[in-house]
């Protein structure tokens, strides 16, 4: 995660923190932020109309990150959490150049996994784009610390979570195929390198039991957000009671509402946000309506 220190255009401490993911996976980050920073108002955008980003080219991912960042700023966001490993890997540097608020990214927990592993073998599940990125290669070079990482693209897993399927036989079969080679190679730690994957925690546990320690960086992201808000004088006042998180999706939001209700206990209406492609849109005015 980067330091997120950027040009700040608002000093309204009660303004929301914007959270963005290609789809619903970043709700796992929203969950951690709500627990760690209960005073903060939150505005979440899922670009589910264009998910998964793991199948998209780099230019498209960067364009969507900038477009959604601009939309969140237009909605008053005081900071941005890019709660998507793929978008962080491909576009966070450019986002920090173009967006005038602090930005926090996410990245696979290579360093904590290397520290935790006793067998010195660990697994990483992430999108192919994340695994192929220069940012990921740099993480391995800097933090592997002699630990061997078995990298597995999680084909089909993002799509499963997007349709709220976190426990079907099909999903368990997919996961078993990805996890069994790691177990056979004596891995004792697994990095969940996509924010969608923590919602598969129970299904993973059914397969591996306690043989793999799962590394989910959501709590670390929440702590980094706290540091960045404090550094920029943007932390909500202690005792503040924020409104319920605002949930927005670029599709109809039905799956978002279902996942937020069933897995987060968050019962709020989702909104549909129209966020056009930047190159083709002369009109940047956002529109939204209840799903």
Each label point is 7 Å from the Cα along the Cα-to-Cβ direction; what then is the distance between the points at residue 94 and residue 258, in nm?
3.3
Please work out how much length the chain gains when fully extended from residue 57 to residue 12, using 0.36 nm per residue of separation minus the C-alpha to C-alpha distance, in nm with one decimal.
12.6 nm
How far is helix 58-74 tilted, in degrees, relative to the longest principal axis of the Cα atoms in the chain, given as a value from 0 to 90 rounded to the nearest 10?
40
If I model a spin label at residue 226 and residue 74 as a point 7 Å from the Cα along the Cα→Cβ vector, what separation in nanometres do I get?
3.4
Gain on full stretching of the segment that runs from residue 36 to residue 138 - 0.36 nm per residue minus C-alpha separation
33.8 nm
Go ahead and set up a Gaussian network model of the chain, Cα springs under 10 Å, then flag whichever of 123, 18, 76 fluctuates most.
76
Most packed first (mean Cβ within 10 Å per residue), the peptides 253-263, 234-244, 187-197 order as 187-197, 253-263, 234-244
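A short reminder: the numbers here are calculations on the coordinates, not readings from a lab. Quick caveat: nothing in here was measured; it's all calculated off a predicted structure. Backbone-built Cβ (ideal geometry, glycine too); neighbour counts: all protein chains shown.
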